[in-house]
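The structure under discussion appears below in the form of structure tokens.
The values are calculated or read from the model by the stated rules, or taken from the named source; none is laboratory data. Since this is a predicted model, take the numbers as computed values, not measurements. Cβ: placed from backbone, ideal geometry, glycine included. Neighbour counts: every protein chain shown.
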Amino acid sequence: MNQKPQPAGAVPDRHAGGKAVRNNHQGKNMSDMTRRKILKQIGAAAVALAAPSVARAQQSIRITIASSHPLGNIFIGMMKSVFQTEVEKRLAPTKYRVQWREAYGGTLYKFQETLKAVKDGITDIGWVGSLFEPSSMPLQNVTYFSPFATDNLPLLISTMDALHQQIPAMMQTWDGNNMVYLGGSGVESYHLWTAQPIRTFADLKGKKFSTPGAVATFLQGTGAVAVNSPIPQFYTDIQSGVTDGAVSFP
């Protein structure tokens, strides 16, 4: 299913969500304030290098990092392989060390709860699937509602990060939900995967497809039915006949 100019039977890269850290407000004790300060330093990637000649007693910071999807999804896997690794690298010259409590793969919360989980402090740092929150995060879903996008993923991510810096309302969305935005994530082009061949546009009518959140907009006007479900559930739904296919990235 090709949707030009969005190669969307291949739909170009879309902004799927972002990493966020819970924003502790006033009323916390000194320990929480110190912890919050370190979290903010991590998010801003601005931990100052310590003088190597100064001996420092190490201070451990316990941080829970979580997601609704497993590490096999690239946007989650990079939280561990890139983000956590970079945090440890930048903290290495300082007195601080992070004791990670990893809760990937829906251990603490499911795909419909990514925003609420970080907002309510179920996790300290988490992947928030903005595509599952089209009503609460409409601006973050701009790439799902625009008539076209880009197939250049690095450009997409840098553009979304720039928009967050330039448009106050975008940052206010995170702040209003008790979070600090750390950075965006995206995926490859979306395709239509079906259990049976789809030969004509009319063949879509009445068919049910697993579609995560805002991805359902790609099916509008086709007569197909969007079934909101998490990516790991797609195969089971298709195999059991709950859906006739899925709209997803490779």
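Observations on the structure shown:
- All conditions but one from (1) within 16 Å of Asp244 (Cα to Cα); (2) free of Cβ contacts under 8 Å to residues at least 40 places away in the same chain; (3) surrounded by fewer than 20 Cβ atoms within 10 Å (Cβ to Cβ) apply to Ile167; the one that does not is (1).
- Test: residue in region 209-220 that is touching a strand residue (DSSP E or B) at 6+ places or on another chain (Cβ under 9 Å), farther than 28 Å from Thr159 by Cα and not in a strand (DSSP E or B): no
- Residue within region 170-177 that is in contact with a Gly (Cβ under 9 Å, 6 or more places away or on another chain) and either basic (Lys, Arg) or assigned by TED's automatic domain parsing to the domain that holds Thr123 (or both) present: yes
- Pairing residues of region 87-113 that are part of a loop (DSSP other than H, G, I, E, B) with residues that are among the charged types (D, E, K, R), at Cβ distances under 6 Å and at least 6 apart in sequence or on separate chains, gives Lys95/Arg56.
- First in region 209-229 and more than 15 Å from Ser135 (Cβ to Cβ) and without any contact (Cβ under 8 Å) to a residue 24 or more places away in the chain, second anywhere and basic (Lys, Arg) and not in a loop (DSSP other than H, G, I, E, B), Cβ under 7 Å, 6 or more apart: Val225/Lys208; Val227/Lys208
- Filter result for the condition that a residue is among the acidic types (Asp, Glu) and within 14 Å of the chain's Cα centre (by Cα), over Glu113, Glu102: Glu113
- Selection within region 102-131 - under 17 Å from Met160 (Cα atoms) and either among the hydrophobic types (A, V, I, L, M, F, W, C) or outside the structural domain of Met160 (by TED's automatic domain parsing) (or both): Trp127, Val128, Leu131
- Taking region 190-206 as the range and being hydroxyl-bearing (Ser, Thr, Tyr) and buried (at least 16 other Cβ atoms within 10 Å of the Cβ) as the test, the residues that pass are Tyr190, Thr194.
- From the list Thr222, Thr211, the one residue that fits, being at negative phi, out of contact with any Lys or Arg (no Cβ under 9 Å at 6 or more places or on another chain) and outside the structural domain of Ser68 (by TED's automatic domain parsing), is Thr211.
- Of residues in region 170-186 being assigned to a strand (DSSP E or B) and not hydrophobic (A, V, I, L, M, F, W, C), the one surrounded by the fewest Cβ atoms within 10 Å (Cβ to Cβ): Gly183
- Members of region 121-151 that are out of contact with any Leu (no Cβ under 6 Å at 6 or more places or on another chain), surrounded by fewer than 18 Cβ atoms within 10 Å (Cβ to Cβ) and under 25 Å from Lys80 (Cβ atoms): Gly121
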